[in-house]
1. Determine whether LYS163 is open to solvent by 80 Å² or more (accessible area, probe 1.4 Å), within 17 Å of the chain's Cα centre (by Cα) and in the same structural domain as ASP24 (by the TED database).
2. When you go through (1) touching a helix residue (DSSP H, G or I) at 6+ places or on another chain (Cβ under 6 Å); (2) within 22 Å of SER78 (Cβ to Cβ) one by one for THR169, which number turns out not to apply?
3. Out of PRO123, PRO137, report the one residue that is touching a Leu at 6+ places or on another chain (Cβ under 8 Å), open to solvent by less than 80 Å² (accessible area, probe 1.4 Å) and not aliphatic (A, V, I, L, M).
4. Sort through GLY72, GLY33, GLY49, GLY77 and tell me the only one that's out of contact with any helix residue (DSSP H, G or I) (no Cβ under 7 Å at 6 or more places or on another chain), among the small types (Gly, Ala, Ser) and not assigned by the TED database to the domain that holds TYR172.
5. Inspect the range 192-201 for any residue being within 21 Å of LEU45 (Cα to Cα), open to solvent by 20 Å² or more (accessible area, probe 1.4 Å) and without any contact (Cβ under 8 Å) to a residue 40 or more places away in the chain and give the result as yes or no.
6. Any residue in the range 33-50 that is touching a residue at least 24 places away in the same chain (Cβ under 8 Å), in contact with a strand residue (DSSP E or B) (Cβ under 6 Å, 6 or more places away or on another chain), part of a strand (DSSP E or B) and surrounded by fewer than 24 Cβ atoms within 10 Å (Cβ to Cβ)?
7. Considering only residues that are in a helix (DSSP H, G or I) and among the hydroxyl-bearing types (Ser, Thr, Tyr), look in the range 1-25 and name the one that is farthest from ILE57 (Cα to Cα).
8. For the range 73-93, check the following and say yes or no: at least one residue is closer than 19 Å to LEU177 by Cβ and crowded, with 18+ Cβ neighbours inside 10 Å.
Amino acid sequence: MLNVIAAPGPVSYPMVAASSKYKDITIDFGKEGKADVILDSTVSLVKRGVRIDYITIKGLMVVSPDVGRKIGVWRRGSAADVLTKALFHKKGINGEIVYAEDMQKLMELLNQRQVESVVVPAPFGRGKTFEELLNVPGSCGASILANHEEFVRAYSEGIDLMKEDPQGTAEYIASRLPVQANKKMIVDLPRVTTLGVMKMDKYDEFENLVKRFL
């Protein structure tokens, strides 16, 4: 049995895919409670005071088309919001963040030139990743409290399923999520980001960066 608490975004996709094969995986799409594994963005894990043991996705969020002084971001307080504030600070930009209520509105802001840049998931735009811009260790991660080997095996096999049968696996993942998911994003995720179970070592600098701009 592998009990997982996961944010219902890309970090959960490989685990959801693995649950089609391993019926003893239970996934709670929330933020509260106890579990063997907690999956979330690296920013959220730091915000929650949860140890990051593995990086699971690199290159998820991009600043598109490039870094401007006026950047559109979806959702105040999100990982993108925190990292955009950190980016302005690092580059010495006296910038402005414009918040959008959804991804469609975000793209409208860019197309109507109300912002110079937007922060979007890599499947939806080309640009520079926060890994490149801020040297962050990764976009999403996992905190493992028990059953390390089971997690590594299941998550890795979930990634393999996403690569081997992109359309079929995307259909399954979308059907299991508690929120409406963009199937194109699920299909394209392994192609435009780095998915894996990558051991995390020291990340004091990243932790301090996140806490500074929460």
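1. For LYS163, the condition - open to solvent by 80 Å² or more (accessible area, probe 1.4 Å), within 17 Å of the chain's Cα centre (by Cα) and in the same structural domain as ASP24 (by the TED database) - is not met.
2. (2)
3. After ruling out the rest, the residue left standing is PRO123.
4. On the way: GLY72 fails: out of contact with any helix residue (DSSP H, G or I) (no Cβ under 7 Å at 6 or more places or on another chain); GLY33 fails: not assigned by the TED database to the domain that holds TYR172; GLY49 fails: not assigned by the TED database to the domain that holds TYR172.
It is GLY77.
5. Among the residues of the range 192-201, at least one is within 21 Å of LEU45 (Cα to Cα), open to solvent by 20 Å² or more (accessible area, probe 1.4 Å) and without any contact (Cβ under 8 Å) to a residue 40 or more places away in the chain, which makes the answer yes.
6. No, that holds for no residue.
7. Taking the range 1-25 and keeping what is in a helix (DSSP H, G or I), we get 10-19.
When the remaining residues are screened for being among the hydroxyl-bearing types (Ser, Thr, Tyr), the result is 12-13, 19.
On the way: SER12: 10, TYR13: 11, SER19: 19 Å.
Only one residue fits best here, namely SER19.
8. Scanning the range 73-93 turns up at least one residue that is closer than 19 Å to LEU177 by Cβ and crowded, with 18+ Cβ neighbours inside 10 Å.
The values are calculated or read from the model by the stated rules, or taken from the named source; none is laboratory data. Please read all numbers here as calculations on a predicted model, not as lab measurements. No Cβ is skipped: glycine too gets one built from the backbone with ideal geometry, and neighbour counts run over all protein chains shown. Surface areas here come from the heavy atoms of the whole protein model, side chains and all, with no ligands, DNA or RNA. Shrake-Rupley method; radii C 1.70, N 1.55, O 1.52, S 1.80 Å.
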